[in-house]
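Scroll down for the structure; my scribbles are underneath it.
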Amino acid sequence: MTVGAAREFNWLGESGVLTRVNSLTCGQERLGFERGDGMFVSMTGLLIATRNLHKVEEIRAILGGGFRYLMLKDFEDAPEVEEDAGTFVGNATKKAVELAKWRSRLQDKGCEDTFVLADDSGLEVDALNGAPGVHSARFAALDTGDPGNSASAENNAKLLRLMKGVPMEQRGARFRCVVALAPVPKLREEGSSPVCYADEAELGTRIFEGLCEGRIGFEPKGRGGFGYDPLFIPEGYERTFGELSEEVKNRLSHRAGALAGVREFLARPRRDSTTDEHG
Ligand code: IMP
């Protein structure tokens with residue numbers, strides 16, 4: 001039953017009307033939209049597993065409307081997941097799966113058809129044998145032993161120091177991004193206690209990767225973006241990501257590459273988890 005039409009809406013290229021419905025099978029309110037042909041399409045929830053607001057904005061700008069976005073900052077008790085796996089895939093998967101299990105245990109409404117989207121990304125510099133790689137966020141702190149991430153200015157200063165005297169033709173580098181997409185497992189009533197089929201999060205996790213080739217400049221330029229953006233000149237350009245517009249970065253970036261795979265995957269028809277017989 002359609003309860004109210006909120007606003008005109010564009011969903012992955014299809015236009016429709018944003019709508020709330022009461023699902024007759026599970027008695028829960030669902031957010032979605034009614035397509036031109038009258039079909040109801042429920043809106044997939046995406047919990048973006050980062051506290052980096054720049055990253056959240058980039059991800060939202062790249063994936064666009066059509067998703068019910070949830071942020072970690074909306075959940076005060078969201079666990080901190082340590083990124084200690086040693087690879088981008090390992091860290092992204094660990095974050096996505098642990099948060100999907102935690103989200104599932106909350107037992108509230110709003111878990112249906114929701115994925116945790118976790119990314120791990122970093123810079124790989126050829127002249128440094130792929131460093132800083134998975135250590136990109138705390139590159140400077142590796143020398144001091146300071147816990148936590150380093151300020152971007154310190155990471156950039158260290159990178160420039162290590163690259164001193166390296167000519168432009170040997171300053172090749174790339175940003176790499178791995179996105180792990182883990183479904184939030186449903187809680188199912190078994191006897192009197194709810195059971196979370198946590199392995200569903202692991203088994204259902206999909207991995208997407210994106211690369212952005214470029215080179216490292218000789219000095220920081222531009223105030224846009226974050227992290228190593230003021231030093232990174234993408235292939236085919238003469239300016240850094242710090243100088244280029246967000247629109248250009250969101251088209252070329254490693255994150256855009258990985259998220260293109262996510263968008264394509266989420267656009268495929270899936271079984272609606274809110275209406276199966278266990279729901
Ligand atoms: P994270 O662990 O995926 O948040 O990223 C690790 C680090 O890689 C960040 O703290 C940045 O220093 C760097 N990084 C990742 N993506 C970008 C980007 O798009 N621009 C600049 N630096 C980035």
Residues of segment 236-246 being at pLDDT 95 or above and within 15 Å of the ligand (Cβ to nearest atom), in sequence order, are Tyr237, Arg239, Thr240, Phe241, Gly242, Glu243, Leu244, Ser245
Test Gly191 against the stated conditions and say whether it is away from the ligand (no atom under 13 Å from the Cβ), at pLDDT below 95, over 23 Å from the mean Cα position of the chain (by Cα) and not assigned by TED's automatic domain parsing to the domain that holds Asn52.
no
Flagged pairs (Cβ under 6 angstrom, 6 or more apart or on separate chains; first in segment 239-263, farther than 16 Å from Leu117 by Cβ and among the small types (Gly, Ala, Ser); second assigned to a helix (DSSP H, G or I) and within 11 Å of the ligand (Cβ to nearest atom)) are Gly242/Asp229; Gly242/Pro230
Got a sec? Which of Leu142, Leu117, Leu70 is modelled with pLDDT of 95 or more, in contact with a Leu (Cβ under 7 Å, 6 or more places away or on another chain) and more than 23 Å from Gly222 (Cβ to Cβ)?
Leu117
Is there a residue in segment 62-76 that is within 12 Å of the ligand (Cβ to nearest atom) and assigned by TED's automatic domain parsing to the domain that holds Leu259?
yes
Do we have any residue at all in segment 82-96 that's within 16 Å of the ligand (Cβ to nearest atom), at positive phi, of a type outside the set (A, V, I, L, M) and surrounded by fewer than 19 Cβ atoms within 10 Å (Cβ to Cβ)?
yes
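Identify, from the list Ala118, Ala127, the residue that is within 14 Å of the ligand (Cβ to nearest atom) and either under 30 Å from Leu266 (Cα atoms) or surrounded by fewer than 21 Cβ atoms within 10 Å (Cβ to Cβ) (or both). Write out each step before concluding.
On the way: Ala127 fails: within 14 Å of the ligand (Cβ to nearest atom).
Every option except Ala118 fails the conditions.
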List every residue pair whose Cβ atoms sit under 7 Å apart, with the two residues 6 or more apart in sequence or on different chains, where the first one lies in segment 123-137 and is in a helix (DSSP H, G or I) and the second, anywhere, is modelled with pLDDT under 95 and of a type outside the set (S, T, N, Q).
Val134/Gly86
So which residues in segment 214-236 are under 15 Å from His254 (Cα atoms) and buried (at least 16 other Cβ atoms within 10 Å of the Cβ)?
Gly214, Arg215, Gly225, Gly227, Tyr228, Asp229, Phe232, Ile233, Pro234
Mind telling me which of the residues Glu154, Glu219, Glu200, Glu169 ends up being among the acidic types (Asp, Glu), more than 10 Å from the ligand (Cβ to nearest atom), at pLDDT below 95 and outside any strand (DSSP E or B)?
Glu200
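The values are calculated or read from the model by the stated rules, or taken from the named source; none is laboratory data. Since we're looking at a predicted model, the values are computed, not measured. Here the Cβ is made from the backbone with ideal geometry for all residues, glycine too, and neighbour counts use every protein chain on show.
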